[in-house]
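Below is one structure, written out as structure tokens; comments come after it.
The values are calculated or read from the model by the stated rules, or taken from the named source; none is laboratory data. Quantities reported herein were computed from a predicted structural model and do not represent experimental measurements. Virtual Cβ from ideal backbone geometry, glycine too; neighbours counted across all protein chains shown.
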Amino acid sequence: MKPVLTGLAALFLASPALAHPVTVQSCDREITFEAPPSRAASQDVNLTEMMLVMGLADRMVGYTGISGWNKLDEEMRADVAELPELAERRPPREVLVGADLDFWFAGWNYGMSVGGEVTPDTLAPFGIQVYELTESCIHIMPRDRIAMQDMFNDIRNLGLIFGEEARAEELIAGWEAELAEIAATIPEGEPLRVFVYDSGEDVPFTSGRYAMPTAMIEAAGGRNIMDDVETSWTRVAWEPVVERNPEVIVIVNYGEVTADQKIAFLRSNPAFAHVDAVMNNRFVVLEYVEATPGPRNIRAVRKLAKAFRGG
């Protein structure tokens with residue numbers, strides 16, 4: 001016979017169940033969870049890491065969309081060792097349905113596209129609830145500019161959805177303390193002009209006003225020279241990049257073209273010869289998982305702040 005728990009022990013164990021149903025905001029939708037999901041999956045390396053840092057691996061049946069673009073580092077390989085990758089890139093709907101999911105953490109351009117076959121609306125009839133990455137909401141609705149709080153919002157909502165609110169608040173408090181510590185090291189004066197170079201030679205793919213690097217650069221004491229571009233990740237022309245003359249270039253490292261190859265392209269192209277960042281060899285490399293919303297954003301801000309100070 002199982003022992004009967006009383007007092008604080010009973011309250012503690014019962015609290016996650018008692019917290020449900022819960023309702024959270026996901027972009028322009030309110031979604032209600034009658035109980036914590038038990039067959040979850042996540043799309044992309046950064047969203048998967050958010051699930052893992054929340055201690056949710058035992059509620060997951062797999063993940064999607066990592067190996068098609070990225071290689072797992074040692075830190076993540078150990079964490080997902082027991083989980084299968086359900087799809088290397090964007091999963092077809094039948095893959096998610098076939099895995100008998102009840103929850104998928106994804107985003108617009110993070111596994112989903114507007115009008116595509118895999119959206120919250122197309123998955124709902126199969127009992128799969130979708131929580132959308134906050135950064136990605138700009139693709140379907142107007143919103144305020146990006147902030148570090150957007151990543152915290154996703155962690156807080158995951159905590160509510162899975163009945164792990166205390167864990168979420170503990171993580172957020174630690175990150176906020178780290179950001180305050182970094183902010184105290186930033187010298188006064190005009191923020192450095194920074195350009196984010198993701199990929200592309202004919203036209204660069206970069207971070208606009210609503211992509212996470214813009215918030216990270218600001219937290220580190222810089223300003224994204226493309227923060228007036230009213231979208232998140234996007235393509236721009238090279239001419240305004242040269243004209244705005246970045247003092248630092250942030251390289252996003254992933255895919256077949258390495259960070260070293262991207263830097264070599266910038267150094268060898270005569271069009272960039274008089275750009276301050278190129279002349280002074282001021283490049284900062286961020287891994288994809290650092291440049292997209294997730295737990296590693298905080299260490300990336302620290303790396304950027306150090307580089308901006310010339311460290």
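Find the residue count for the range 57-77, including only residues that are modelled with pLDDT of 95 or more and over 19 Å from Arg89 (Cβ atoms).
Qualifying residue count for the region: 1.
Could you say whether any residue in the range 237-258 is surrounded by fewer than 18 Cβ atoms within 10 Å (Cβ to Cβ) and under 23 Å from Ser136 (Cα atoms)?
There is at least one residue in the range 237-258 that is surrounded by fewer than 18 Cβ atoms within 10 Å (Cβ to Cβ) and under 23 Å from Ser136 (Cα atoms).
Got at least one residue in the range 181-194 being within 20 Å of the chain's Cα centre (by Cα) and not in a helix (DSSP H, G or I)?
yes
When you look at Leu72, is it in a loop (DSSP other than H, G, I, E, B), without any contact (Cβ under 8 Å) to a residue 40 or more places away in the chain and over 23 Å from Asn157 (Cα atoms), yes or no?
yes
Among the residues of the range 148-159, is there at least one that is at pLDDT 95 or above and over 15 Å from the mean Cα position of the chain (by Cα)?
Among the residues of the range 148-159, at least one is at pLDDT 95 or above and over 15 Å from the mean Cα position of the chain (by Cα), which makes the answer yes.
How many of the residues in the range 274-311 are under 19 Å from Glu49 (Cα atoms), in a loop (DSSP other than H, G, I, E, B) and of a type outside the set (Val, Ile, Thr)?
Of the residues in the range 274-311, 4 are under 19 Å from Glu49 (Cα atoms), in a loop (DSSP other than H, G, I, E, B) and of a type outside the set (Val, Ile, Thr).
Look through Val285, Val275, Val301 and report the one residue that is touching a Leu at 6+ places or on another chain (Cβ under 7 Å) and either over 27 Å from Met141 (Cβ atoms) or modelled with pLDDT of 95 or more (or both).
Result: Val301 is the single residue among Val285, Val275, Val301 that is touching a Leu at 6+ places or on another chain (Cβ under 7 Å) and either over 27 Å from Met141 (Cβ atoms) or modelled with pLDDT of 95 or more (or both).
Find the residue count for the range 77-129, including only residues that are surrounded by fewer than 18 Cβ atoms within 10 Å (Cβ to Cβ), part of a helix (DSSP H, G or I) and of a type outside the set (S, T, N, Q).
So the answer is 12.
In the range 30-76, how many residues are crowded, with 20+ Cβ neighbours inside 10 Å, over 14 Å from the mean Cα position of the chain (by Cα) and acidic (Asp, Glu)?
0
Could you list, in sequence order, the residues of the range 136-156 that are in a helix (DSSP H, G or I) and of a type outside the set (D, E, K, R)?
Hits for the range 136-156 are Ser136, Cys137, Ile138, His139, Met148, Gln149, Met151, Phe152, Asn153, Ile155.
In the range 163-217, what residues are assigned by TED's automatic domain parsing to the domain that holds Asn245, more than 22 Å from Asn280 (Cβ to Cβ) and surrounded by 21 or more Cβ atoms within 10 Å (Cβ to Cβ)?
Residues satisfying the conditions are Gly208, Tyr210, Ala211, Met212, Thr214, Ala215.
Could you tell me whether Val236 is modelled with pLDDT of 95 or more, under 27 Å from the mean Cα position of the chain (by Cα) and in the same structural domain as Phe205 (by TED's automatic domain parsing)?
Judged against the criteria, Val236 is a match.
Would you check if there is a residue in the range 273-285 being under 21 Å from the mean Cα position of the chain (by Cα) and either surrounded by 13 or more Cβ atoms within 10 Å (Cβ to Cβ) or small (Gly, Ala, Ser) (or both)?
There is at least one residue in the range 273-285 that is under 21 Å from the mean Cα position of the chain (by Cα) and either surrounded by 13 or more Cβ atoms within 10 Å (Cβ to Cβ) or small (Gly, Ala, Ser) (or both).
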